[in-house]
Amino acid sequence: MRHFLNINAIDRTDVLKLVQSALAFKAGKSASPTNLTVANLFFENSTRTHSSFQMAENKLGYHQIILDPQTSSMSKGESLADTLKTLKAIGVDVAVIRHAVTDWYVPVLQATGHAMPHLVNAGDGSGQHPSQSLLDLVTIYEEFGRFDGLNIRIVGDLLHSRVARSNAEILHQLGANVTFSGPESWLPADFQQFGAFVAIDNDWANQDVVMFLRVQHERITQTENLSFSTKQYHEQFGLNQTRYAQLKQTAIIMHPAPVNRDVEIADEFVEAPKSRIFEQMTNGVYARMAILEYTMENENAAD
């Protein structure tokens, strides 16, 4: 059964097809008529991912089941696996799930087998954020027409960011030269396989893409939060006037949002000419249309 759980588990050929499919939708490709039904289960707060999936579903003609986990039987102790079995039994085809637990889908797959909807991971803890990763790929490819050989710097809260983890691996696999910057205490040990950890201003003028990450206060420890200074962080790792001026003419700035203005990025540069932050959000709808189409493609053959 075809799911969309980790972009790095998908064949590179299919990843590029997803990018092209998203851009085709953006260019006006018509969605095929469908009677499919989707349920969105968001166990964490979300504006962009949640509304973007809803818009993608509307554009594809999906019927939507509105399900609030806080008012569902899960609040009575029902497992996620049993909830998904119920949704499958009443005719739901796809379940889009955001969950605070990293790898939430592993026990679900073990418990449910084929008696469940197709699953789309809308973010799992500090694990993966594959739909954000795809929209980032779409944005980069739309700008440069390639990944191979691009210099891409990922800056910020690497340890707690599922965006960083998803993007680091896929961009490395696609041939980009990935480097990382930020507080050294927030560097995951396994990131060295994807690229070097460097000082924030190292080779700054040669970067094609600089991707800033949100400081995730909700995931860092209370001790870290108490000692955290937004002013100091911005001075050390944020996008300020000096760093923006050093970027080459063709470079672009990205951020998964929401942006902590004047922390990761100075307020004046969130919508500067080199910024693609809101274009990422636009591309998110088309990327998620491509994901849903991919998940349900050739369903009978996949099952």
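What's the extension gain from Q249 to N151 if we count 0.36 nm per residue and subtract their Cα-Cα distance?
In short, 33.9 nm is gained.
Ranking request for peptides 65-78, 228-241, 133-146: highest mean number of other beta-carbon atoms within 10 Å first, then the rest in descending order.
Ranking the peptides 65-78, 228-241, 133-146 by packing returns 133-146, 228-241, 65-78.
By how many nm would the segment from F197 to A9 lengthen if fully extended, with 0.36 nm per residue of separation less the alpha-carbon distance?
65.2 nm
Straight distance only, please: which lysines reach the Cα of K17 with their own Cα at less than 26 Å, same-chain residues fewer than 8 apart left out?
Result set, ordered by chain and number: K26, K29, K59.
If you put +1 on each Lys and Arg Cβ and -1 on each Asp and Glu Cβ, how big is the dipole of the stretch 130-276 around its Cα centre, in Debye rounded to 20?
That gives the stretch 130-276 a dipole magnitude of about 80 debye.
Using 0.36 nm per residue, how much length does the chain from S75 to E268 gain when fully extended, once their Cα-Cα distance is taken away?
In short, 65.2 nm is gained.
GNM on the chain, C-alpha springs below 10 Å: top fluctuator among V178, V96, V106?
V106
Among H172, G127, F269, which residue has its Cα furthest toward the positive end of the charge dipole of the chain, with +1 on Lys/Arg Cβ and -1 on Asp/Glu Cβ?
F269
Show me the ranking of peptides 201-207, 40-46, 155-161 by mean Cβ neighbours inside 10 Å, starting with the highest.
Result, highest mean first: 155-161, 40-46, 201-207.
Using the alpha carbon gyration tensor of the chain, what are the three equivalent-ellipsoid semi-axes (square root of 5 times each eigenvalue), largest first, in whole Å?
33, 22, 17
Please list, or write none, the aspartates and glutamates whose alpha carbon is within less than 16 Å of the alpha carbon of K248, excluding same-chain residues fewer than 8 places away.
Filter leaves E143, D201, D203, D208.
Using a simple charge model, +1 on the beta-carbon of Lys and Arg, -1 on the beta-carbon of Asp and Glu, nothing else, what dipole does the chain show about its Cα centre, in debye to the nearest 20?
380
Largest first, how would R12, R261, R98 line up by accessible area (1.4 Å probe)?
In descending accessible area the options line up as R261, R12, R98.
Describe numerically, in nm with one decimal, the distance between label points set 7 Å from Cα along Cα→Cβ at E184 and at E142.
Here the modelled spin labels are 3.8 nm apart.
For the chain, what does the helix formula give at 222 nm: sum of -39500 (n - 2.57) over DSSP H segments with n ≥ 4, over the residue count, nearest 500 deg cm²/dmol?
-11500 deg cm²/dmol
For the stretch 11-53, with the dipole built from +1 on Lys and Arg beta-carbon atoms and -1 on Asp and Glu ones, taken about the Cα centre, which of T13, S30, S46 lies farthest toward the positive end?
Going by the Cα projections, it comes out as S30.
The values are calculated or read from the model by the stated rules, or taken from the named source; none is laboratory data. All values derive from a computational prediction rather than experimental measurement. Neighbour counts are summed over all protein chains in view; Cβ atoms, including those assigned to glycine, are modelled from backbone coordinates with ideal geometry. Areas reflect the complete protein model, heavy atoms only, side chains present, ligands, DNA and RNA absent. Shrake-Rupley method; radii C 1.70, N 1.55, O 1.52, S 1.80 Å.
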